[in-house]
Structures are given as C-alpha cells and as structure tokens.
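Read through the structure below, which is laid out as structure tokens, and then see the notes.
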Ligand SMILES: Nc1ncnc2c1ncn2[C@@H]1O[C@H](COP(=O)(O)OP(=O)(O)OP(=O)(O)O)[C@@H](O)[C@H]1O
Ligand code: SF4
Ligand SMILES: [Mg+2]
C-alpha cells in the first residue's frame with residue numbers, strides 16, 4: 001500500500017469569544033492510494049475541521065500546527081497560490097448540502113463550464129462537452145436537460161451527482177466526502193455511495209468519507225478512524241473494528257447498533273461530550289470511561305500499533321497502567 005496523504009500530530013485551536021477552543025489535539029492518520037478511509041465520531045469531534053485543515057480552508061480565528069504530507073510536501077506550509085493547484089484539483093471535496101456549493105442563480109451549464117474552462121484552459125464548447133461526459137459518468141440521465149436546469153429544479157440526489165461530477169473533473173487523487181448522503185433519502189443515499197465506489201474503481205482515487213453512520217462505514221470503507229473530542233482514538237480495517245473494537249469509546253459507539261459480529265458484550269456510552277474550551281486532561285475520554293485508571297487523568301495515551309491493521313490510543317493497551 002502506498003501512502004497518499006499523512007496527517008501527523010495535527011493540532012487546531014480556535015480563538016473564540018469565550019476563550020481558546022482546543023479542537024484537534026494531535027490527530028494522526030494516513031490515507032493510502034486506492035482506499036476508502038472512513039472518519040467517524042459524534043457531532044463536534046472534529047471530523048469536518050480535519051478535512052478543512054487538509055484543504056487549508058480554515059477561518060481566520062484558527063491556529064493550526066503539525067504536518068499534512070501530500071506528494072512529499074507539507075500542505076500546511078504551502079502558500080495560497082500553491083494550494084490552489086491542489087485544492088479542487090488533486091484533492092476534491094463534496095459536502096453534505098450541494099445547494100451550498102451551487103449558485104442558485106445560474107444554470108448548471110454555466111456553473112460547470114465556467115469551472116472546467118477556467119481550470120483546464122479550454123474553450124467554452126470543449127468545456128460543455130466535458131461537462132456532458134462527466135454528467136454521464138455520474139449516471140445522470142439526459143445530461144442536456146440537467147445542463148439547462150437551475151439547481152432548485154433538480155432533486156437532492158441529482159444535485160449531489162452534479163457536485164461529484166464537478167469534483168471529478170480534475171481527476172483528483174483524493175476525494176473528501178463530508179457526510180455526502182446525510183441530507184438524502186435512504187434509497188438515494190445508497191445509490192450515491194455506490195456511485196462513489198464505482199467511480200473510485202474507474203478513476204483510481206482514494207476517498208476520505210466522513211460520516212456519523214457506522215452502517216455506511218461497514219458497507220463502504222476499507223479502513224476507519226474513530227475520533228473523540230479532537231483525538232484519533234482508534235484506526236483499523238473495517239472488519240477488524242467491528243469484530244474487535246478495542247477503545248472503550250469505540251465499544252460504546254458500536255453498542256448502539258446490534259451486530260452479531262461483536263464477540264464481547266459492549267458497554268453503552270454514558271455522559272456527554274466535553275467542552276473543547278476546557279477539555280479533560282490526559283485522556284479526553286476519561287470522565288466517561290468505565291475502565292479509567294489513575295494514569296488516564298494525567299497522561300494522554302498515544303496512538304500505538306496493536307497490530308499492522310489496528311491502532312489504538314488507550315492506556316489499557318499501552319502498558320502505562322501503574323503510572
Ligand atoms: N470557526 C470556528 N470557531 C470556533 N469553533 C469552531 C469553528 N469551527 C468549528 N468549531 C468547533 O470545532 C469543533 C469540531 O467541529 P467539526 O465541525 O469539525 O465537527 P464534526 O465532527 O464535523 O461534527 P458534525 O458531525 O456535527 O459535522 C466543534 O466543537 C465546533 O464547535
Ligand atoms: S486511556 Fe484510560 S480513560 Fe482513556 S479510554 Fe483508555 S482506559 Fe479509558
Ligand atoms: Mg462535520
């Protein structure tokens with residue numbers, strides 16, 4: 001497996017009216033070529049800001065440090081000019097709500113051909129031809145009608161297909177999909193996820209799929225990272241995570257969905273997500289953890305390799321129990 005993108009010790013703070021919010025607390029993850037990596041965790045744990053860090057689309061109140069290595073370069077050190085050659089081209093993104101990315105005032109034709117023309121430096125006619133090809137590639141029937149439509153004349157699923165078509169127009173090596181199907185009906189959700197998988201095989205890109213839905217992870221992803229309050233607490237092959245969840249937080253998450261594959265009985269989660277303005281010291285999960293030990297209150301557990309396909313950040317597995 002060849003590394004495509006590697007996030008190393010990513011810290012992200014936001015200056016807010018109420019003080020500093022310590023949002024990402026040393027996130028590590030590697031995405032390999034040709035894989036679908038799922039990122040899961042409860043609302044507010046930092047999934048979207050992780051992807052925004054990759055694209056360097058963070059607001060001005062953000063303070064970021066660490067490394068995001070892509071094609072041998074640390075993206076965090078690149079200028080905006082250099083980022084423009086990567087963002088939308090080598091790393092593309094689709095969001096939960098395609099309406100927020102499409103301009104309601106312009107027909108799809110204008111929006112697609114403008115983007116394609118600009119980036120590929122080709123004529124309007126050629127750009128329209130390419131737009132039509134891309135709409136066909138995302139299985140939209142009657143591309144001519146779609147091109148003549150305004151965004152509100154299309155269904156949510158169709159709009160998401162248009163966004164995927166646009167995201168593909170530069171042959172990206174990584175597609176970041178942030179809750180791409182959350183706003184859609186269940187049947188359409190499946191179609192869109194299947195489409196992303198089909199296109200991945202055809203165009204050979206990797207996918208960073210952000211979702212809170214473990215069912216989607218099970219069906220779609222090769223590997224998965226579990227985030228809790230700005231930390232990556234467990235990374236594993238999908239089958240392995242479902243069969244042998246190691247981190248108490250992962251066990252709690254999985255306990256909410258009945259699945260005969262779990263070998264051990266899982267404890268449901270108790271308590272609430274902590275405030276990131278004053279996060280718990282040591283392991284951020286310790287106030288909610290039934291296995292808490294004294295060390296957990298003081299020392300942050302590092303993400304360690306349990307096996308080649310399984311990483312976990314928890315003192316239960318790190319040999320620090322007596323500290
Ligand atoms: N511009 C900002 N200023 C201050 N805090 C922010 C800002 N953007 C995000 N945050 C905070 O960062 C944390 C992580 O947010 P993020 O949007 O990444 O969560 P998420 O895991 O994507 O959640 P969801 O599942 O709801 O999409 C949250 O606590 C959020 O309030
Ligand atoms: S490090 Fe300690 S508190 Fe954190 S999950 Fe592991 S056992 Fe629980
Ligand atoms: Mg989000």
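The values are calculated or read from the model by the stated rules, or taken from the named source; none is laboratory data. Note that the structure is predicted; figures quoted are calculated from it, not measured. Please note: Cβ atoms are built from the backbone with ideal geometry, for glycine as well, and neighbour counts cover all protein chains shown.
Quick check: is even one residue across segment 132-148 at pLDDT 90 or above and either closer than 25 Å to residue 83 by Cβ or within 16 Å of ligand 1 (Cβ to nearest atom) (or both)? Yes, that holds for at least one residue.
Contact annotation: residue pairs with Cβ atoms under 6 Å, 6 or more positions apart or on different chains, pairing a residue in segment 268-279 that is touching a residue at least 40 places away in the same chain (Cβ under 8 Å) with a partner that is loosely packed, with under 13 Cβ neighbours inside 10 Å, are 277/18; 277/19. Only one entry in 273, 304 is within 27 Å of the chain's Cα centre (by Cα) and farther than 30 Å from residue 16 by Cα, namely 304. Checking each residue in segment 201-227 for being more than 19 Å from residue 309 (Cα to Cα) and either more than 16 Å from ligand 3 (Cβ to nearest atom) or out of contact with any strand residue (DSSP E or B) (no Cβ under 9 Å at 6 or more places or on another chain) (or both) picks out 201, 202, 203, 204, 205, 215.
The strands (runs of 3 or more DSSP E) found wholly in segment 165-264 and carrying at least 1 residues that are at pLDDT 90 or above and under 30 Å from residue 116 (Cα atoms) occupy 174-178, 206-210. Scanning segment 272-290 for residues that are more than 16 Å from ligand 3 (Cβ to nearest atom) and surrounded by 14 or more Cβ atoms within 10 Å (Cβ to Cβ) yields 274, 279, 280, 282, 283, 284, 285, 286, 287, 288, 289. Taking segment 159-183, which residues are within 16 Å of ligand 1 (Cβ to nearest atom) and surrounded by fewer than 21 Cβ atoms within 10 Å (Cβ to Cβ)? Residues satisfying the conditions are 178, 179, 182, 183.
Being within 16 Å of ligand 1 (Cβ to nearest atom), touching a helix residue (DSSP H, G or I) at 6+ places or on another chain (Cβ under 6 Å) and within 20 Å of residue 169 (Cα to Cα) is the filter here; which residues of segment 68-97 pass it? Residue satisfying the conditions is 94 alone. In this entry, residue 223 is excluded by the filter for residues that are over 25 Å from residue 286 (Cα atoms) and touching a helix residue (DSSP H, G or I) at 6+ places or on another chain (Cβ under 6 Å).
Consider residue 116 carefully, then state whether it is in contact (Cβ under 8 Å) with a residue 40 or more places away in the chain and touching a helix residue (DSSP H, G or I) at 6+ places or on another chain (Cβ under 6 Å). So residue 116 fits the description; yes.
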